[in-house]
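Okay, so here's the structure we're looking at.
The values are calculated or read from the model by the stated rules, or taken from the named source; none is laboratory data. Just so we're clear, the structure is a prediction, and the values are computed from it rather than from any experiment. Cβ coordinates were reconstructed from backbone atoms using ideal geometry, including for glycine residues, and neighbour counts include every protein chain displayed.
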Amino acid sequence: MGGRWGREVKLCVALLFPALVLGSSLGHFGWWLFFVTALLLLRQTLYLGRLETWLAQGGFGEHRKYKGIWQDIYYHVGKIRRGNKKRKKKLRRMIERFRMSTDALPDAAVVLGQYGEIEWSNPAARQIFGLKKSDKGQRIANLVRNPVFVQYLRANDYEHKIHIPAPINDNVILQIGVVPYGAGLRLMLAQDVTQLKNIERMRTDFVANVSHELRTPLTVLKGYLETLMEMDDVSALQLRSLQNMATQTDRMQLLVDDLLLLARLETKPKRSVCVDVPDLLRQMRNEIVESEKDESRVNLSLESAAKLQADPDELRSAFGNLLANALKYSATDTPVNVRWFVNANQEACMEVEDFGEGIAASDIPRITERFYRVEIKRNRKINGTGLGLAIVKHVMVRHEARLEIESQLGKGSRFRCLFPQKRVC
Ligand code: ADP
C-alpha cells in the first residue's frame, strides 16, 4: 500500500521538481507551479470521472488497468462487490428456506403493517381467509369483516385469542392470535380448531344433558324418601338409613345443580347489564340472615356505590359461593366480613373475609379446580361439591375480573373479586 502511495508522491515530485528548476532558471515560478498542479489535478479528475462512470454502470463492466493508488481503489471496490454478492446469495437461500417452511405451515400466518394492511401472508392464510396474492397492501379488516375480529384488531389487546367462523366457510372455527413485534408490525396466526371446539361442545353438552336428565329422578327419589320418613311404622334403623339416603340425594342434587350451572357458564352467551352491586350484596345478606336466623355473623361494609356492567345471576352465584364457603369453613361464633370498595388501582372489589380454618399455601393454587376439596380432619363433616370455586373462577373470567385468595391455616381466609375499572358503570 505504502508503495502505491509512494508512486503517487513520486509522480508529484517528478513533475514539481522540473517546474521548480525551470521556474527558478527561466522565471515565472508561479506559472510553472500552477501548470504542474493543474496537470496533476486534471489527471486525478479524469480518473475520478472514470471511476464514477464505472460505478454508475453497476461496477460490473471491465475497467482499465491502472497502476498506483487507483489500482487499489478498483481492487477494494471489486472485493466489496464480490462480498456483497456472496451475502446476497446466502440471504436469498435463507429467504427461500423460510418461505418453504412457512408454505408448509398448516396454520395461517399474516404479517400486518401499522394500519392493519397485509404485508405478507403464507398459502394457508390465503386459503383459510380466502385472500389473494393481490390483496397485499389491503387492510385485513376490509377483507375479513367479522365484527369480533375487527374489534379485536382495533382494541390492540392481544393477551387472549379469539374464535370466529372462517370467512369462506361458516362451519370452520378459527382461533386467531396476534403477536406484535418490531415497529408497529403484527404477526397474525390463525388455526382451524373446529374439531377441538366440537369435542369441547360435546363434553359440555353431555354434562349438561346428563345433569338435566338426573334432576327429575332425583326429585322423585327425594319425594318418596320424605314420604317414607314421615310414616309412623318406621323403625329407628330404617329412619337412620332413610335420613342417610336423603342426605346423599341432597348432595347429588347440589352436584347436579352446580354441574348444570358450570355447563351454562361455558356455553351461554354473555349478558351484561348495569348491576347495583351494593343492593345485590344487601339482598344476599338479608337472605342469609333469614335462612340462618343469625344476623350477627355477616358484617356488610359498602364503601363504594359503584355499579358493575355484569350478568346479575352470575354475580349472585359467584358472591353466593364465596359467602357460603366463608360461613361453612369457619366457626359459628366468628364473623364474616363482606366489603365492596374501589382499590388504589381503581378496581372495584368484593371482599369476603372469614376467621375460620384457612387453607394451606400448597392447596390455594388448586382449590379453584373442579371437584378439588381440601382433605383435612374436620370435627364436623362439611357438605360440598368442590365446584363452588370453579364456578366463581369461571364467572370472574367471563367478567374480565380476577380472583385473589389470601389464607393462613388456622387464622382465616380472604377472597377478593377484582373487576377492572372499565366494568364500572
Ligand atoms: P366446596 O363445595 O367443597 O366448598 P369449593 O370449590 O367452594 O367447594 O371449595 C373448594 C375447597 O376450598 C373446599 O373444599 C375447601 O376445602 C376450600 N375452601 C373454600 N373456601 C374456603 C374458606 N373460606 N375457608 C377455608 N377453606 C375454604
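Observations on the model:
- Sole residue being more than 10 Å from the ligand (Cβ to nearest atom) and not charged (D, E, K, R), chosen from Asn321, Asn325, Asn337: Asn337
- Residue within segment 401-421 that is near the ligand (Cβ under 8 Å from one of its atoms) and under 27 Å from Arg271 (Cα atoms) present: yes
- Selection count where residues are outside any strand (DSSP E or B), over 21 Å from Ala361 (Cβ atoms) and over 18 Å from the mean Cα position of the chain (by Cα), scope segment 396-425: 4
- Evaluation of Gln309 against (1) under 36 Å from the mean Cα position of the chain (by Cα); (2) within 15 Å of the ligand (Cβ to nearest atom) (one fails), failing number: (2)
- Candidates are the residues of segment 258-280 that are within 25 Å of Ser301 (Cα to Cα) and in contact with a Leu (Cβ under 8 Å, 6 or more places away or on another chain); the one that is surrounded by the most Cβ atoms within 10 Å (Cβ to Cβ) is Val277.
- Residue within segment 370-391 that is modelled with pLDDT of 95 or more and away from the ligand (no atom under 13 Å from the Cβ) present: no
- Which numbered condition Gln253 misses (of (1) of a type in the set (S, T, N, Q); (2) within 16 Å of the ligand (Cβ to nearest atom); (3) modelled with pLDDT of 95 or more): (3)
- Identity of the residue in segment 6-48, assigned to a helix (DSSP H, G or I) and either among the small types (Gly, Ala, Ser) or outside the structural domain of Trp70 (by TED's automatic domain parsing) (or both), that ends up nearest to Lys67 (Cα to Cα): Gly6
- Residue match in segment 115-128 (condition: closer than 19 Å to Leu185 by Cβ, surrounded by fewer than 15 Cβ atoms within 10 Å (Cβ to Cβ) and without any contact (Cβ under 8 Å) to a residue 12 or more places away in the chain): no
- Any hit, segment 344-356, residues being under 28 Å from the mean Cα position of the chain (by Cα), over 26 Å from Lys270 (Cα atoms) and not β-branched (Val, Ile, Thr): yes
- One residue from Val289, Val298 being modelled with pLDDT under 95 and surrounded by 21 or more Cβ atoms within 10 Å (Cβ to Cβ): Val298
- Ile140 vs. criteria without any contact (Cβ under 8 Å) to a residue 60 or more places away in the chain and under 22 Å from Asn198 (Cβ atoms): no
- Odd one out for Gly59, checked against (1) surrounded by 10 or more Cβ atoms within 10 Å (Cβ to Cβ); (2) at pLDDT 85 or above: (2)
- Every pair of residues 6+ apart whose Cβ atoms lie under 8 Å, when the first sits in segment 68-79 and is among the hydroxyl-bearing types (Ser, Thr, Tyr) while the second is part of a loop (DSSP other than H, G, I, E, B): Tyr74/His63; Tyr74/Tyr66
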